[in-house]
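Bear in mind these aren't lab numbers, they're just calculated from the coordinates by the rules spelled out. Because the structure is a prediction, the values reported are computed rather than measured. Cβ: placed from backbone, ideal geometry, glycine included. Neighbour counts: every protein chain shown.
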Amino acid sequence: MIAKTLISAAMLASVVTAGPISLVRDLREYKTDVEIHSSCNSTQRRMLQKALADTFEVASFAKEYVVTNGPEDPVFQMYFGKEKEAYSTVVGVWDSLLTSNKEGVLLRCDNPDGNCGQPGWRGHWRGDNATSETVICDLSYTDRFYNEYFCMNGYTVAGFPLGTHWSIDLIHRMFHVPAITNELVGHYSEDYASALELAEHNSTYSPMDSDALQAFAAHVYAVEIAQGGETCIGQVAQDSHDHDHASASTASTTPSAAASAAQSCHTHVDGAAHCEDDNATAYTTIASAAAETSDANAGKDCHTHADGTIHCV
């Protein structure tokens with residue numbers, strides 16, 4: 001009886017040990033790059049490839065800054081508070097954006113849901129229509145700026161819309177895609193000012209707040225890489241932006257033209273449209289200033305200083 005018991009136990013142990021090893025896993029294809037849809041023409045494709053490169057540059061540096069400086073860093077605490085879980089969460093978010101499987105994650109240049117026809121719409125996540133797809137509307141190609149434009153011509157992190165630069169805008173849009181961060185990141189604040197307030201008074205949600213993460217990435221890039229100093233961070237405006245919300249999962253449910261005119265609009269995970277009322281001023285300030293400078297300094301040898309000023313000889 002004892003021998004039979006030992007044999008049975010040995011056989012059982014063998015089955016338990018060997019079972020998991022013999023299982024065939026269904027390994028998915030892994031892609032590191034975001035795909036650009038065939039609806040994008042050659043110019044749009046070049047611009048989006050540059051924009052994606054800028055996005056991963058900013059996200060990589062944001063993660064590097066956190067890992068290097070730790071949770072006691074004053075800039076980290078400014079955006080994410082002092083909760084002990086904040087450090088691991090923030091590092092995890094950036095790591096997920098950088099290394100998550102981008103299979104099926106797509107940027108497209110057509111207008112399948114009709115939302116790009118609304119005044120002020122620069123792009124949107126497609127929501128339930130296609131959870132891995134983001135539409136880039138035509139206004140993005142004229143209103144967005146590349147990383148080289150950080151801290152130029154009056155730009156400040158606090159005073160301009162977070163999506164002024166391609167890199168920060170695409171970070172935001174990637175946060176909406178479930179495959180990127182497993183839906184961890186959401187909108188717990190409404191703008192730059194409320195993101196700072198959240199970190200100070202209710203920081204439990206700050207490490208998962210889309211605006212806080214974007215603003216932090218813009219802040220450390222502006223100071224450390226663009227070398228714009230505190231001048232490039234600026235001051236929080238006294239009056240917060242107004243926001244309009246409406247369902248935008250389909251073309252038939254969009255904000256009115258009057259409500260969304262001259263606004264930067266995008267779609268939240270729950271299908272709500274989020275429009276930043278900037279009166280088109282912030283997005284055009286850099287472009288108009290650059291154009292005026294170009295006209296005034298035609299034929300001169302010009303360069304940009306660390307504080308964003310242009311010097312021509």
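Cβ under 9 Å from LYS31's Cβ, LYS31 left aside: what net charge do those residues give with Lys, Arg +1 and Asp, Glu -1? With Lys, Arg at +1 and Asp, Glu at -1, the neighbours total -3. Electrostatic tally near LYS82: other residues with Cβ closer than 12 Å to its Cβ, Lys and Arg +1, Asp and Glu -1, net -4. If the segment from ARG46 to GLN235 were pulled out straight at 0.36 nm per residue, it would be longer than the present Cα-Cα gap by 64.6 nm. Restricting the calculation to alpha carbons of the stretch 57-182 gives Rg and Dmax of 16.1, 46 angstrom. With each label modelled as a point 7 angstrom along the Cα→C-beta vector, the ASN69-ARG28 pair spans 3.3 nm. Taking Lys and Arg as +1 and Asp and Glu as -1, the other residues whose beta-carbon sits under 11 Å from that of GLY92 total -1.
A straight line joining the Cα centroids of the stretch 25-72 and the stretch 148-224 runs 16 Å.
Relative protection proxy for 61-71, 116-126, 151-161, from highest mean packing down: 116-126, 151-161, 61-71 (other beta-carbon atoms within 10 angstrom). Across the stretch 73-89, the residues whose backbone nitrogen lies under 14 Å from the label position 7 Å along the beta-carbon direction of ASN182 are 89.
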